[in-house]
């Protein structure tokens, strides 16, 4: 399929974000050899990308994250290493360590520099019809699954500049499919590593749980520090069938110099439950666009966020809980600590559609500033068009309490230790709301590492 | 019992940090190991300020006089150094630390007493904690709760006693520990202090209280009455009993007479 067959009238003026790396030729290369439906989907996304301007701080959602200052698309080149086959014994030690810490799983996916280099799934899960595969492989092995769901219902390509960019230029990713009535007793672990400086990475994750399925996914993203900015744009789609239960956790521990942009959307079916935990610890700039769509009656979405900024890290979280159906519940809690000159933004909205009566929706954001230079913007919001609902939102930005520190010091803790203990407790409060499991232990260790620098 | 005082203050003066008015106007106090002293006084007399000054609260500053603890200049030590040296203050209003369990808190506090590089043996710690809780008739699950988070007044005070039991101070200062407690909670606190002192007879206790009723359950060796920043009377338990009858009125009059003189 060639581009010209679907090309619309050329846009006037220079196209924003079209570069020597991010351009139609790149789409052409990726689409070559792909089935028509997929190539067409890429081109539609590319056109949406071309005609959408880059977000500026004039937009509410981007007011505190100035892309013109933080992201230089022109400086990015395609990831080189990802095109090379990578054998297991050349995997970076950091990646191996992260996997070793949390080995037990129903299956593993390892993604290096934008390509899946390893996939395994227990025989038991495979026998029950569970699919865990790289997207590139699934294009040919499970075309119907992808055709129905990939970049379609959850994150369609026309919902913003970056959803379009990812849908046009994704190089690989993961698909997990859990059939009706199947329970995965252990999580599926996706570990991602990127290493080329000044490179752009676009990958996706598609999670499909059919009716009555029970599953858990842990995504971890790691990288070294970068001298020249690396840009990682990931998109995660979670489709939770009726009465299904989905646990999702993402842990972002990229190095400084990285810009991580994550798009996450869950579509929650009738009487289904999704629990998600979004941990942001790394990267110089991290932006998360999170949306949970309560699509059918009785849907429940429980969302936890945790972040800990230091040095000059900047984290921007943009969340929405969309209540499209009655009798659904959603509960969001985001907590973060900000040290040094780091900054965070939380912009959250609960939207209740006219028909979504008996909605229960909550949203809380709490920030703890650990230094004079740190900053936090908390902007919770409600948009309610139904009259029989229970919704609340709240946000706080506070500092360490002197009286609490004195209390701890009076028990023999130095000021530093006292501060660390208060921060640890503040953040642990989020993890304690998750069932105990290895991801919380891993996050705890990562927090400890950051605390040691405080 | 040794003759050397564990705490000795001389003409100790103090105020709220950066405020003009002095609250403590010269306090002389000597406490020897194993002794129980009670400091009683009306509201605003400075008794709680004395506790906070001894513990090193940043909201109060010393304006004159001295305080020595176990031969060291207490006023030269930071709050945490005082704690590690053996000073413990049970708070009037213990602070909540959400997300931090009592066990974790105590483990961290004991770890802080060790040299750099030394690791607290967690099995030993667990044994100590359980043994202390049993001694104080507390349920082991109590230590799993977040420090003072959502605690009742009585639970907060029990937590203070537990910390005191684990940290084993040389001097325990009870800063109006009895305030706001019903009689049952008060008995729990008193029993805790008595149990711990029986176990470690060398522990000195400084009870700071407005009311005589705590002294029905903890028998002091010495009672001091503080009014307007000065100790105006010291004696045995009988001093407290006379307060119960006459209140602080006569001391206030005494004080004004002294000031007028």
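In a Debye calculation with equal point scatterers on the alpha-carbon sites of region A:172-232 and no solvent, what is log10 I(q)/I(0) at q = 0.21, 0.25 Å⁻¹?
Values returned for q = 0.21, 0.25 Å⁻¹ are -0.82, -1.00.
Once you have a ≥ b ≥ c as the square roots of the Cα gyration tensor eigenvalues for region B:172-215, tell me rounded if a/c is under 1.5, and otherwise prolate or oblate according to whether a/b is larger than b/c.
Details: a/c = 2.63, a/b = 1.51, b/c = 1.75.
Verdict is oblate for region B:172-215.
Quote the convex hull volume per residue of region B:88-169, based on C-alpha atoms, as a whole number of Å³. Present the calculation step by step, with values, prior to reporting the outcome.
Details: hull volume 7.8 nm³, N = 82.
Taking the convex hull of the Cα positions in region B:88-169, it is 95 Å³ per residue.
So what is the orientation-averaged projected area of region A:3-453, using the convex hull of its C-alpha atoms, in nm²? Before the final figure, lay out the partial values.
Working: hull surface 87.5 nm².
Averaged projected hull area, Cα only: 21.9 nm².
Once you've got the GNM for chain B with C-alpha springs shorter than 10 Å, pick whichever of B:124, B:149, B:221 has the biggest mean-square fluctuation.
Greatest mean-square fluctuation among the candidates belongs to B:124.
Just to confirm my numbers, what's the Cα centroid distance between region B:166-201 and region B:93-116 in Å?
What the calculation gives is 19 Å, centre to centre.
Give the distance, in whole Å, between the Cα centre of region A:334-348 and the Cα centre of region A:215-282.
Taking the Cα centre of each part, region A:334-348 and region A:215-282 sit 18 Å apart.
Exposure proxy check: B:73, A:339 ranked by fewest other beta carbons within 10 Å?
Values: B:73 10, A:339 22.
Least crowded to most crowded, the residues run B:73, A:339.
Could you pull the Cα extents of region A:211-346 along its three principal axes, largest to smallest, in whole Å?
Projected onto its principal axes, the Cα set of region A:211-346 covers 48, 22, 17 Å.
Post the alpha-carbon centroid distance, region A:139-164 to region A:370-393, in whole angstrom.
When both Cα centres are located, 31 Å separates them.
With 10 angstrom as the radius, rank A:254, B:138 by how many other C-beta atoms surround their C-beta, starting from the fewest.
Working: A:254 26, B:138 22.
Lowest to highest Cβ neighbour count: B:138, A:254.
Using the Cα atoms as the points, what is the convex hull volume per residue of region A:304-383 in Å³? Write down the numbers at each step before the final one.
Values: hull volume 4.8 nm³, N = 80.
Taking only Cα atoms, region A:304-383 has a hull volume of 60 Å³ per residue.
Could you work out the per residue convex hull volume over the alpha carbons of region B:105-261, in cubic angstrom?
Numbers: hull volume 23.3 nm³, N = 157.
Once divided by residue count, the hull of region B:105-261 is 148 Å³.
Would you order B:218, B:128 from fewest to most other beta-carbon atoms within 10 Å of each residue's own beta-carbon?
Working: B:218 22, B:128 16.
Final ranking by Cβ density, sparse to dense: B:128, B:218.
Tally the DSSP beta bridges in region A:3-453 and give the antiparallel ones as a percent, rounded to 5. Don't skip to the end; give the middle numbers.
Numbers: 10 of 149 bridges.
If we restrict to bridges inside region A:3-453, about 5 percent are antiparallel.
Read-outs: derived from the displayed coordinates by stated rules, not from any lab. The structure presented is a predicted model; accordingly, all values stated were derived computationally and were not measured. Virtual Cβ from ideal backbone geometry, glycine too; neighbours counted across all protein chains shown.
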